[in-house]
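Single-structure report; data block below.
The values are calculated or read from the model by the stated rules, or taken from the named source; none is laboratory data. Note that this is a predicted model, so its numbers are computed, not measured. Using ideal geometry, Cβ is built from the backbone for each residue, glycine included, and neighbour counts are taken over all protein chains shown. For the accessible areas, the whole protein counts, side chains as well, though only heavy atoms, and no ligand, DNA or RNA atoms are used. Shrake-Rupley method; radii C 1.70, N 1.55, O 1.52, S 1.80 Å.
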Amino acid sequence: MFQSISAGFVAAIAGFASSFALVIAAFIAVGATPEQAGSGLLAICLATAVVSTIGALVLRIPLAIAWSTPGAAVLLAAAGQGITFSDAVGAFIVSAILIVLCGLWPWLGRAITSIPKPLASAMLAGVLLPICLAPFQAVAELPLLAGPIVLTWLVLYRLAPRWAVPAAMVVAIVCVFISAGSDWITEASIAPQLTFVAPTFNINTVISLGLPLFIVTMAGQNIPGFTVMKSNDYTVPPRFALVGTGLGSAGAAFFGGHAINLGAITAAIMAGDESHPDRSKRWTATLTNGLLYIPLGLGAGAAVALVNAAPSILITAVAGLAVLGALISSVVGALEAPEHRITAIITFLVVASGIVIAGIGSAFWGLLAGGIVMLWLGWQRRPKPEPISETAPSGAPGESAEAGSPAEPETTPKA
């Protein structure tokens with residue numbers, strides 16, 4: 001029993017420490033005040049605790065629930081687009097409703113999962129690229145502060161990969177104390193509180209923020225979460241998982257939270273053999289994990305104070321280290337099919353460019369551009385076969401057919 005409890009503890013601490021700074025920075029990027037950012041972090045922690053606890057007690061499987069880290073990256077990428085936080089909350093609610101609908105109507109879930117992998121992966125890679133550049137930019141701008149953070153991450157990524165980002169976050173906290181002193185602790189409001197945010201629904205924000213949030217949460221978190229659980233011989237009821245996380249996300253949204261979903265990395269920690277030799281007892285890891293998110297969430301005010309006191313590039317640098325693995329996976333997924341590489345690259349470049357057209361962000365335009373290119377290349381008419389020469393040897397029909405066969409449409413430049 002202690003083994004599974006410790007697995008749940010490790011999963012909660014590692015998951016929270018790895019990306020809470022990214023989540024806070026993401027909320028602030030879409031217009032949240034520090035109080036609203038703290039409320040949003042507390043809300044998704046509580047939603048995670050509730051869904052995890054219910055899932056553990058009802059299903060008796062190590063179901064991992066976490067906040068959407070790729071979704072937070074989508075929010076951070078929307079910085080500077082003039083989005084108000086009430087509009088962002090409206091987009092969060094739309095995304096949550098779509099996830100619930102995927103659970104209630106499987107055909108919708110199948111439609112989302114049928115989005116070509118090169119497009120979904122390239123979109124996520126384009127969103128993550130600017131964030132993953134931040135560690136190197138930080139080293140150039142603040143070498144004495146950012147250098148130890150990156151070095152700590154690099155050393156532990158070799159020795160203990162699971163703790164690389166949390167350790168880098170600890171070093172970042174030390175660096176904040178060095179650069180800002182300790183006054184930020186006493187000056188900030190660190191008492192935990194939930195702040196209601198009345199949602200407003202702006203169609204441009206729903207398209208540029210809500211839909212990408214929904215897609216990356218489904219493709220980047222829920223689907224891998226199902227896959228990890230299946231690889232450990234656990235069957236997750238899709239309706240419970242999607243409706244539960246969708247309702248949890250909707251509830252958290254009214255207090256500033258963006259999305260919760262199935263976890264993948266935390267699922268590997270809690271559902272694997274290291275959690276407990278007896279598969280039937282590993283659900284206690286999820287129960288521990290969920291309950292621990294309550295005290296973690298109560299520290300949201302202090303977490304926001306820390307992020308506000310630190311140089312912004314330093315926080316983004318830690319966030320970049322946290323999502324570097326996701327960038328690698330996205331790039332590999334986008335480019336693994338040679339016939340779709342040009343489509344994936346176009347999607348990636350449009351999203352990474354950060355363009356805003358008609359008030360709609362680059363994530364939407366990247367998906368649209370990639371979809372159009374994919375359809376165009378797929379619908380290209382094949383060239384008509386050249387007529388077989390009358391002088392061709394009649395005894396070599398195979399050679400004649402091969403020479404006159406239509407060529408496949410060119411989708412990638414030749415080396």
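Some observations on this one:
- Condition met for GLY103 (under 19 Å from ILE207 (Cα atoms) and either open to solvent by less than 50 Å² (accessible area, probe 1.4 Å) or more than 17 Å from the chain's Cα centre (by Cα) (or both)): no
- THR316 being among the polar types (S, T, N, Q), closer than 30 Å to SER121 by Cα and in contact with a helix residue (DSSP H, G or I) (Cβ under 8 Å, 6 or more places away or on another chain): yes
- Among all residues of the stretch 377-400, there is at least one that is at pLDDT 50 or above and either touching a Leu at 6+ places or on another chain (Cβ under 6 Å) or aliphatic (A, V, I, L, M) (or both).
- Breaking point among (1) without any contact (Cβ under 8 Å) to a residue 40 or more places away in the chain; (2) of a type outside the set (Ser, Thr, Tyr); (3) within 24 Å of ILE260 (Cβ to Cβ), for ALA160: (3)
- Whichever residue in the stretch 310-326 is surrounded by fewer than 20 Cβ atoms within 10 Å (Cβ to Cβ) and of a type outside the set (Ser, Thr, Tyr) and, among such residues, is farthest from the chain's Cα centre (by Cα): PRO311
- Listed by position, the helices (runs of 4 or more DSSP H) enclosed by the stretch 182-272 that each have at least 2 residues that are touching a residue at least 12 places away in the same chain (Cβ under 8 Å) and touching a strand residue (DSSP E or B) at 6+ places or on another chain (Cβ under 9 Å) are 223-231, 238-253, 265-271.
- Total residues in the stretch 279-300, condition closer than 12 Å to PHE20 by Cβ, among the small types (Gly, Ala, Ser) and surrounded by 22 or more Cβ atoms within 10 Å (Cβ to Cβ): 2
- Residue among ALA88, ALA64, ALA49, ALA56 that is open to solvent by less than 10 Å² (accessible area, probe 1.4 Å) and closer than 20 Å to SER312 by Cβ: ALA88
- Positions within the stretch 201-257 being of a type in the set (Val, Ile, Thr) and either modelled with pLDDT of 90 or more or under 20 Å from PRO118 (Cα atoms) (or both), in sequence order: ILE203, THR205, VAL206, ILE207, ILE215, VAL216, THR217, ILE223, THR227, VAL243, THR245
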